[in-house]
Amino acid sequence: MKVLVAVKRVVDYNVKVRVKSDNSGVDIANVKMSMNPFDEIAVEEAVRLKEKGVVTEVIAVSCGVTQCQETLRTAMAIGADRGILVETAEELQPLAVAKLLKALVDKEQPGLVILGKQAIDDDCNQTGQMLAALADMPQATFASKVELSSDKASVTREVDGGLETLSVSLPAVITTDLRLNEPRYVTLPNIMKAKKKQLDVFKPEDLGVNVAPRIKTLKVVEPAKRSAGIKVPDVATLVDKLKNVAKVI
Amino acid sequence: MTSLVIAEHDNASIKGATLNTVTAAAAIGADVHVLVAGHNAGAAAAAAAHIAGVSKVIHADGTSLEAGLAENMAAQVLALISNAAGNYTHILFPATASGKNVAPRVAAKLDVGQISDITKVDSPDTFERPIYAGNAVATVQSSDAVKVITVRTTGFDAAAATGGAAQIETAAAAADSGKSSFVSREVTKSDRPELTAAKIIVSGGRALGSSEKFDEVMTPLADKLGAAIGASRAAVDAGYAANDLQVGQTGKIVAPELYVACGISGAIQHLAGMKDSKVIVAINKDPEAPIFSVADFGLEADLFVAVPELVAAL
């Protein structure tokens with residue numbers, strides 16, 4: 001069984017982004033870019049399934065600018081067998097990415113598609129569910145445990161108030177939550193090996209997908225700042241402030 | 001122009017997140033209908049009809065809707081939208097685990113973009129939403145005929161649960177997709193208020209050191225304040241607290257009256273989940289901890305001393 005894993009190149013999670021002074025967006029020039037953390041978990045899960053012998057090939061896919069090749073190389077250093085880049089300089093919104101992935105699903109016929117539950121830049125949490133709908137596959141989002149058999153996946157999901165387990169027939173779409181696994185560190189030999197792995201490049205037109213954005217960003221601003229608070233010397237003062245100044249207890 | 005709110009409920013009652021979503025729908029300015037899709041959910045539908053500002057409740061009942069499976073829920077919503085009599089222009093889900101699960105399926109089938117996690121309605125096609133863990137706020141405009149939206153509940157007040165008198169209409173339940181099935185659910189049993197609805201939250205971080213210490217220190221404080229318990233991602237990853245207690249960018253987004261952060265350093269991902277709280281208290285022994293930059297009242301102290309002292313003083 002083949003597994004398709006989608007990976008997104010995003011601003012590294014340690015970077016505190018700044019809003020551009022003309023309010024047209026956030027400044028991502030010269031900041032560190034990395035693989036979206038949830039996607040790293042997705043790649044790790046796919047590679048573990050391969051190591052267990054239930055999966056034969058792991059294909060990493062990224063959609064975006066040329067530099068996404070680096071993100072794909074990272075995925076291949078974790079253990080993906082090959083990479084596919086759908087290259088475009090256009091802004092890609094989740095619906096467009098889902099359509100590109102659907103075209104690749106039709107081409108590659110994977111038994112399973114694993115994606116991160118959300119990207120930490122646009123915080124949308126949409127692509128996996130959209131792909132499942134377009135490909136008419138069942139979905140198991142926010143996964144914290146995945147067990148695979150030949151025609152079904154049993155997936156434990158993180159939901160409000162606890163955990164839920166679903167059984168979905170394959171092919172299916174799974175999106176990862178934080179507790180699914182802890183991605184391995186990539187080693188230098190694996191980084192070197194990854195450079196030799198196959199990486200195919202397509203354009204959205206090659207896949208017959210129109211990626212024009214549906215949602216226009218009118219402006220991006222800094223969030224309202226909290227006014228600076230005070231330090232209190234001891235617990236008694238804290239209790240007094242809460243009771244008599246803030247009046248919240 | 002009509003808005004359809006997809007209710008979050010447990011068949012017997014309506015969950016709080018639905019009320020905030022109704023407020024967002026009302027801000028759009030259209031008629032507000034509420035879909036209650038479930039199994040034996042008559043009581044929830046009746047409760048939805050009492051929500052102020054709702055003009056119609058659509059009640060779809062069947063075993064296919066019992067577990068809230070995304071495939072069946074999406075099919076149910078799509079069936080209502082395809083009925084032209086509905087004239088639905090806006091479909092709103094609360095941005096909860098179940099709303100986030102279903103909404104994009106509906107958007108993709110309609111071939112429209114989704115606007116996630118809105119915190120403000122500027123006009124019927126323009127909305128504000130946080131991006132980059134809340135470090136920026138984007139104003140976005142949708143050109144699609146139908147707007148599929150998830151609503152960040154902390155961005156909108158709750159609509160009054162009573163005062164409305166909407167008519168209840170029944171709709172046929174969507175057929176089961178046959179592709180997914182519910183197996184089991186482990187719900188954390190707790191007498192405490194729900195994290196996203198609590199007026200006071202006490203939250204613990206990695207500094208607590210173990211799950212025993214987490215319980216030993218945080219529980220008495222929560223009991224004393226009648227508060228919900230939250231945790232930072234570091235505390236959850238270390239196994240000190242359950243997954244569903246995580247507050248932050250990718251966990252729960254909360255905005256209580258009072259948020260007490262104990263031994264939480266304040267990574268941007270955590271701040272994203274709680275910085276809209278009305279009053280923030282931080283107890284941390286590291287004077288440089290970023291949490292102090294958002295705290296109204298900061299106490300630089302060892303939490304193992306300060307928290308029991310606080311419990312005694314309350």
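The values are calculated or read from the model by the stated rules, or taken from the named source; none is laboratory data. No experiment lies behind these values; they were computed from the predicted model shown. Cβ sites come from the backbone with ideal geometry, for glycine too, and all protein chains shown count toward neighbours.
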- Residues of the stretch B:233-247 being touching a Ser or Thr at 6+ places or on another chain (Cβ under 7 Å) and within 20 Å of B:Gly134 (Cβ to Cβ), in sequence order, are B:Val247
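In the stretch A:47-123, which strands (runs of 3 or more DSSP E) lie fully inside it and hold 2 or more residues that are modelled with pLDDT of 95 or more and touching a Cys at 6+ places or on another chain (Cβ under 9 Å)? Reasoning before the result, please.
Numbers: elements: A:57-64, A:82-87, A:112-116.
The qualifying strands (runs of 3 or more DSSP E) are A:82-87.
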- Query: Regarding A:Val201, is this residue surrounded by 13 or more Cβ atoms within 10 Å (Cβ to Cβ), among the aliphatic types (A, V, I, L, M) and either facing chain B (nearest Cβ under 9 Å) or in a loop (DSSP other than H, G, I, E, B) (or both)?
  - Reply: no
- Query: Can we say A:Pro223 is at pLDDT 95 or above and either in a loop (DSSP other than H, G, I, E, B) or β-branched (Val, Ile, Thr) (or both)?
  - Reply: no
- Message: Being more than 30 Å from B:Gly230 (Cβ to Cβ), crowded, with 20+ Cβ neighbours inside 10 Å and modelled with pLDDT of 95 or more narrows it down to one residue among A:Ala153, A:Ala212, A:Ala140; which is it?
- Response: A:Ala153
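Would you check if there is a residue in the stretch B:54-66 being polar (S, T, N, Q), surrounded by fewer than 24 Cβ atoms within 10 Å (Cβ to Cβ) and in contact with a helix residue (DSSP H, G or I) (Cβ under 6 Å, 6 or more places away or on another chain)?
Here is the first cut: in the stretch B:54-66, the ones polar (S, T, N, Q) are B:55, B:63-64.
Checking which are surrounded by fewer than 24 Cβ atoms within 10 Å (Cβ to Cβ) leaves us with B:55, B:63-64.
Now drop any that are not in contact with a helix residue (DSSP H, G or I) (Cβ under 6 Å, 6 or more places away or on another chain), which leaves B:64.
Taking every residue of the stretch B:54-66 in turn, at least one turns out to be polar (S, T, N, Q), surrounded by fewer than 24 Cβ atoms within 10 Å (Cβ to Cβ) and in contact with a helix residue (DSSP H, G or I) (Cβ under 6 Å, 6 or more places away or on another chain).
For (1) small (Gly, Ala, Ser); (2) within 21 Å of B:Gly86 (Cα to Cα), each residue gets a yes or a no:
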residue: B:Asp10; (1), (2): no, no
residue: B:Asn20; (1), (2): no, no
residue: B:Ala25; (1), (2): yes, yes
residue: B:Ile51; (1), (2): no, yes
- Please specify each residue of the stretch B:16-46 satisfying the condition of being touching a Ser or Thr at 6+ places or on another chain (Cβ under 8 Å) and either of a type in the set (Ser, Thr, Tyr) or buried (at least 21 other Cβ atoms within 10 Å of the Cβ) (or both). B:Ala17, B:Asn20, B:Thr21, B:Ala25, B:Ile28, B:Val32, B:His33, B:Val34, B:Ala44
- Query: Can you name the number of the only condition in (1) touching a helix residue (DSSP H, G or I) at 6+ places or on another chain (Cβ under 6 Å); (2) part of a strand (DSSP E or B) that A:Val211 fails?
  - Reply: (2)
- Message: Given the criteria in contact with a Ser or Thr (Cβ under 7 Å, 6 or more places away or on another chain) and in contact (Cβ under 8 Å) with a residue 24 or more places away in the chain, does B:Thr170 qualify?
- Response: no
- Subset of the stretch A:144-187, residues farther than 23 Å from B:Lys189 by Cβ, within 11 Å of chain B (Cβ to nearest Cβ), part of a loop (DSSP other than H, G, I, E, B) and touching a helix residue (DSSP H, G or I) at 6+ places or on another chain (Cβ under 9 Å), comes to A:Pro171, A:Glu182
- In the set A:Val5, A:Val19, the lone residue that is touching a residue at least 60 places away in the same chain (Cβ under 8 Å), buried (at least 17 other Cβ atoms within 10 Å of the Cβ) and over 18 Å from the mean Cα position of the chain (by Cα) is A:Val19
- A:Lys196 vs (1) under 23 Å from A:Val61 (Cβ atoms); (2) touching a strand residue (DSSP E or B) at 6+ places or on another chain (Cβ under 7 Å): all pass except (2)
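Is it true that A:Asn210 is more than 30 Å from B:Ala74 (Cα to Cα) and among the polar types (S, T, N, Q)?
Values: more than 30 Å from B:Ala74 (Cα to Cα): no; among the polar types (S, T, N, Q): yes.
The answer is no for A:Asn210.
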- Selected residue [in contact with a Gly (Cβ under 9 Å, 6 or more places away or on another chain), part of a loop (DSSP other than H, G, I, E, B) and within 22 Å of B:Thr153 (Cβ to Cβ)] from B:Ile51, B:Ile58: B:Ile51
- Query: Does A:Thr176 satisfy the criteria of being in contact with a Phe, Trp or Tyr (Cβ under 6 Å, 6 or more places away or on another chain) and touching a residue at least 24 places away in the same chain (Cβ under 8 Å)?
  - Reply: yes
- Answer yes or no as to whether B:Ala30 is at pLDDT below 95 and more than 19 Å from the chain's Cα centre (by Cα). yes
- Within the stretch B:99-134, track down each residue that is facing chain A (nearest Cβ under 8 Å), surrounded by fewer than 22 Cβ atoms within 10 Å (Cβ to Cβ) and out of contact with any Leu (no Cβ under 9 Å at 6 or more places or on another chain). none
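State all residues of the stretch B:129-146 that are assigned to a strand (DSSP E or B) and either without any contact (Cβ under 8 Å) to a residue 24 or more places away in the chain or closer than 19 Å to B:Ala17 by Cβ (or both); if no residue qualifies, say none.
So the first thing to find is which residues in the stretch B:129-146 are assigned to a strand (DSSP E or B), and the list is B:129-131, B:136-142.
Hits for the stretch B:129-146 are B:Arg129, B:Pro130, B:Ile131, B:Ala136, B:Val137, B:Ala138, B:Thr139, B:Gln141.
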- Note on the structure: Within the stretch B:138-175, restricting to residues that are surrounded by 20 or more Cβ atoms within 10 Å (Cβ to Cβ) and within 7 Å of another protein chain (Cβ to nearest Cβ), the one that is farthest from B:Ala46 (Cα to Cα) is B:Ala138
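What residue, of B:Ile28, B:Ile81, B:Ile91, is in contact with a Phe, Trp or Tyr (Cβ under 6 Å, 6 or more places away or on another chain) and closer than 30 Å to A:Lys216 by Cβ? Lay out the reasoning, then the answer.
On the way: B:Ile28 fails: in contact with a Phe, Trp or Tyr (Cβ under 6 Å, 6 or more places away or on another chain); B:Ile91 fails: in contact with a Phe, Trp or Tyr (Cβ under 6 Å, 6 or more places away or on another chain).
Within the list B:Ile28, B:Ile81, B:Ile91, the selection yields B:Ile81.
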- When you go through (1) in contact with a helix residue (DSSP H, G or I) (Cβ under 6 Å, 6 or more places away or on another chain); (2) farther than 16 Å from A:Pro138 by Cα; (3) in a helix (DSSP H, G or I) one by one for B:His90, which number turns out not to apply? (3)
- Of all residues in the stretch A:101-137, which are of a type in the set (S, T, N, Q) and either facing another protein chain (nearest Cβ under 8 Å) or without any contact (Cβ under 8 Å) to a residue 12 or more places away in the chain (or both)? A:Gln118, A:Asn125, A:Gln126, A:Thr127, A:Gln129
